[in-house]
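Contents: one structure, followed by commentary.
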Amino acid sequence: MLLLAIKYAHEIYGANKVSLGVFENNEPAYYCYKAAGFKDVALNETETYHVLSEDWKCLELEIRF
């Protein structure tokens, strides 16, 4: 389904890239995105969200066409 969404964004909408954020503690999702062709984006500052009394870091990934 992820690969179809990427294809749709590129072929129907003409997107040059698709980007997303994933929490670093969500390893299954991170590796799923990597397997689909997403690459890590180096950011100057990592976004952090306060969730359930914890700080969760968000990683940025993108795929370019």
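Read-outs: derived from the displayed coordinates by stated rules, not from any lab. In this text the structure is predicted, and so the values were computed from the model without any measurement. As a convention, Cβ positions derive from the backbone with ideal geometry for all residues, glycine included, and neighbour counts pool all protein chains shown.
So what is the relative contact order of the chain, in percent, for Cα pairs below 8 Å that sit 6 or more residues apart? Before the final figure, lay out the partial values.
Working: 79 pairs, mean separation 26.7, N = 65.
Relative contact order, the chain: 41 percent.
For the chain, what is the calculated [θ] at 222 nm in deg cm²/dmol (nearest 500), taking -39500 (n - 2.57) for each run of four or more DSSP H residues and dividing by its residue count? Before the final figure, lay out each step's value.
Values: 2 runs with 19 residues, N = 65.
The helix-only estimate for the chain comes to -8500 deg cm²/dmol at 222 nm.
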TODO: List, in order, the whole-Hz ³J(HN,Hα) value for each residue of region 52-64 obtained from phi through the Karplus relation with A = 6.51, B = -1.76, C = 1.60 and θ = phi - 60°; use x for Gly and Pro.
DONE: 6, 6, 10, 9, 10, 8, 10, 9, 9, 10, 8, 10, 10
Open item on the list: Of Tyr31, Val41, Tyr8, which is farthest towards the positive pole of region 1-63's charge dipole, taken about the Cα centre with +1 and -1 on the beta-carbons of Lys, Arg and Asp, Glu respectively?
Closed with: Tyr8
Task: Matching label, Cα Rg over 2.2 N^0.38 Å computed from the structure shown, candidates (i) 0.96; (ii) 1.82; (iii) 1.23 - done: (iii)
